[in-house]
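The values are calculated or read from the model by the stated rules, or taken from the named source; none is laboratory data. The shown structure was predicted, so the numbers you read here are calculated from the model rather than taken from an experiment. Every residue, glycine among them, receives a Cβ derived from its backbone with ideal geometry; neighbour counts consider all protein chains shown.
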Amino acid sequence: MIFTHYTKIFFWFFTLILLLFVFVSNVSKAASPPNFIISDVDLVDADALSLSRIQQFLHERGTLGTYTTEVDDIQKSAAQIIFDIAQEYQINPKYIITRIQVEQSLITDPNPTQYQFDWATGYGRCDTCTPEQAEKYKGFALQVRWSAKRVRESYLFDLETKGHTLTGWGPGITKETLDGVKVTPVNNATAVLYTYTPWAGECFGGAPNVGGNCSFHRIFTSWFSLQYPDGTLLQGENGGIYLIRGGEKRPFLNRAAFAPYDVRKVLPVTESVLAAFPTGKPIAYPPYVLLRSPHGTVYLYNEGTIRGIESSEVLRNLGFNPEEILSVSWNELHDLTEDRPITMQDIYPAGALLQYQDSGGVVYIDPSGVRHDIMNREILRSNFHRPVIIQKPREYIDQFTKGEKLGFRDGELVTYSESRAVYLISNRTRRRFASGEVFTSLHFRWDNIITTTKEAVELHPEGPVLKLDF
């Protein structure tokens with residue numbers, strides 16, 4: 001069998017990971033609607049979209065892409081107005097765009113009315129406002145300006161100085177919306193949204209046929225949430241680290257579980273990005289760890305599956321160290337899937353790296369006994385950190401059934417010298433980044449790219465191109 005050994009990692013990393021894992025379960029529970037709508041960064045990142053990106057976004061979705069109006073005797077496009085005001089008040093243009101859509105459907109309406117332009121952000125249209133009072137807020141540019149100004153100079157200012165807005169919304173403060181839903185905002189941005197629109201909305205359990213903040217969350221997530229492929233590692237603003245797999249985010253519960261992964265490949269994202277993924281089963285253990293049940297049965301764990309070891313003789317024969325067995329409770333075993341037991345017939349239940357004595361070539365024998373050729377060192381290093389390699393005669397290795405060649409691990413960034421393209425390996429496919437802008441917008445690091453051969457890259461079938469939808 002083979003054991004994978006991990007080098008010691010710098011003290012600051014362990015300190016960070018320890019803090020992260022203490023809170024990861026609570027983060028998953030708290031940062032969800034209706035208590036969480038968007039992150040604070042999603043509200044105040046004024047540089048989230050360039051002017052050209054705003055223009056492209058509006059043009060692709062409706063008539064607002066061609067709309068212009070006079071501002072201070074100058075004709076300005078809707079995109080220019082949104083960009084300028086976002087910069088002036090340091091408000092995310094994504095927030096402004098979503099607000100316009102929530103209030104008037106103006107981004108996508110193919111035939112908007114003048115009323116929709118005049119009251120684009122719904123500002124000043126309060127239940128107690130008279131037409132005369134609201135007149136000074138009328139007009140597309142004024143609507144965008146007053147809305148952003150109010151958020152920055154009133155709501156956020158009050159939250160920073162008092163801990164709550166003028167209507168009492170604030171992080172950790174439970175209030176009831178106008179449609180009867182009790183909400184406890186987890187951050188300033190969510191408190192701002194409920195101050196602006198004190199309605200939860202139908203999909204948050206509020207009033208029927210009311211969009212409210214439910215509508216804001218749905219639109220913002222649909223348009224602006226970055227969709228990370230399987231195999232990527234994400235870290236939210238509150239510290240928790242997750243593996244994306246099967247379209248779900250799976251939280252790491254401790255340092256040991258994270259040990260097989262490289263901290264340099266963890267991508268920083270907002271809580272809004274994480275909230276877009278359903279939460280999957282937590283990752284509590286590293287691959288091929290031994291677990292002992294309260295009844296004394298010893299299991300070999302790997303990726304949510306356990307296999308009971310038939311006897312103590314099998315345990316000794318396979319080279320497992322009894323001192324490495326972790327005692328666990330029935331609750332810890334409850335959500336794990338039990339597979340067939342490990343017997344004397346299982347030669348390498350944790351997999352093994354074997355090397356031909358005559359040629360030096362290395363192959364991987366998987367737990368089911370299938371042999372996978374390893375094309376080069378880059379693939380070997382991608383899958384095994386400080387591997388243990390066992391030399392064997394050719395006739396011994398060739399007795400194992402031959403399977404597909406081993407490819408790169410999911411989450412790797414790869415390229416080859418003859419190509420300018422960079423690919424992300426996900427679900428064994430290679431997904432090309434549409435541009436350098438996409439690469440950096442998703443927070444990938446250039447120094448994590450592995451340069452290998454064309455043949456190694458093309459072991460992975462080509463998958464969908466990675467691009468931004470906004």
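The residue that is farthest from the chain's Cα centre (by Cα), among those in region 145-181 that are assigned to a loop (DSSP other than H, G, I, E, B) and without any contact (Cβ under 8 Å) to a residue 12 or more places away in the chain, is Gly168.
Restricting the first member to region 312-333 and to residues that are in the same structural domain as Asn302 (by TED's automatic domain parsing), and the second to residues that are aromatic (Phe, Trp, Tyr), the beta-carbon pairs closer than 8 Å and six or more apart or on different chains are Leu326/Tyr285; Leu333/Tyr299. Of all residues in region 228-246, those being among the polar types (S, T, N, Q) and assigned to a loop (DSSP other than H, G, I, E, B) number 2. All of Ile85, Ile81, Ile37 fail the test of being in contact with a His (Cβ under 9 Å, 6 or more places away or on another chain) and either part of a strand (DSSP E or B) or touching a residue at least 60 places away in the same chain (Cβ under 8 Å) (or both), apart from Ile37. Residue count for region 251-300 under the criterion of being small (Gly, Ala, Ser) and touching a residue at least 40 places away in the same chain (Cβ under 8 Å): the result is 6. Looking at Pro208, Pro229, just one residue is buried (at least 18 other Cβ atoms within 10 Å of the Cβ) and of a type outside the set (S, T, N, Q), and that residue is Pro229. Restricting the first member to region 397-409 and to residues that are closer than 17 Å to Asn376 by Cα, and the second to residues that are among the aromatic types (Phe, Trp, Tyr), the beta-carbon pairs closer than 9 Å and six or more apart or on different chains are Leu406/Tyr364. If you go through region 335-356 and keep only what is loosely packed, with under 11 Cβ neighbours inside 10 Å and at pLDDT 90 or above, you end up with Thr337, Arg340, Gln345.
Note on region 399-415: residues that are surrounded by fewer than 13 Cβ atoms within 10 Å (Cβ to Cβ) and under 10 Å from Val363 (Cβ atoms) amount to 1.
When region 71-93 is filtered for residues that are more than 15 Å from Phe117 (Cα to Cα) and charged (D, E, K, R), the ones remaining, listed by number, are Asp72, Asp73, Asp84, Glu88.
With respect to Arg409, determine if the residue is of a type in the set (D, E, K, R), touching a strand residue (DSSP E or B) at 6+ places or on another chain (Cβ under 9 Å) and part of a strand (DSSP E or B).
Working: of a type in the set (D, E, K, R): yes; touching a strand residue (DSSP E or B) at 6+ places or on another chain (Cβ under 9 Å): yes; part of a strand (DSSP E or B): no.
Against the criterion (of a type in the set (D, E, K, R), touching a strand residue (DSSP E or B) at 6+ places or on another chain (Cβ under 9 Å) and part of a strand (DSSP E or B)), Arg409 does not qualify.
With respect to (1) touching an Asp or Glu at 6+ places or on another chain (Cβ under 9 Å); (2) surrounded by fewer than 20 Cβ atoms within 10 Å (Cβ to Cβ); (3) closer than 26 Å to Phe157 by Cβ, the lone exception for Lys76 is condition (3). Which residues, taken from region 358-398, are at positive phi and surrounded by 12 or more Cβ atoms within 10 Å (Cβ to Cβ)? Matches in region 358-398: Gly369 only. When only residues in region 94-141 that are among the charged types (D, E, K, R), within 36 Å of the chain's Cα centre (by Cα) and not in a loop (DSSP other than H, G, I, E, B) count, which is surrounded by the fewest Cβ atoms within 10 Å (Cβ to Cβ)? That would be Glu103.
Of everything listed in (1) closer than 30 Å to Cys214 by Cα; (2) at pLDDT below 90, the single unmet condition for Pro282 is (2).
Within region 266-305, how many residues are under 28 Å from Leu43 (Cβ atoms) and of a type in the set (D, E, K, R)? Number satisfying all stated conditions: 1. All conditions in (1) in contact (Cβ under 8 Å) with a residue 40 or more places away in the chain; (2) under 23 Å from Ile91 (Cβ atoms) hold for Gly212, with the sole exception of (1).
Conditions (1) at pLDDT 50 or above; (2) outside any helix (DSSP H, G or I), marked per residue:
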residue	(1), (2)
Thr7	no, yes
Ser25	no, no
Ser28	no, no
Pro33	yes, yes
Glu60	yes, no
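Is it fair to say Gly411 is in contact with a Ser or Thr (Cβ under 6 Å, 6 or more places away or on another chain), small (Gly, Ala, Ser) and at pLDDT 95 or above?
yes
Checking each residue in region 416-457 for being polar (S, T, N, Q), in a strand (DSSP E or B) and closer than 21 Å to Phe384 by Cβ picks out Ser426, Thr451, Thr452.
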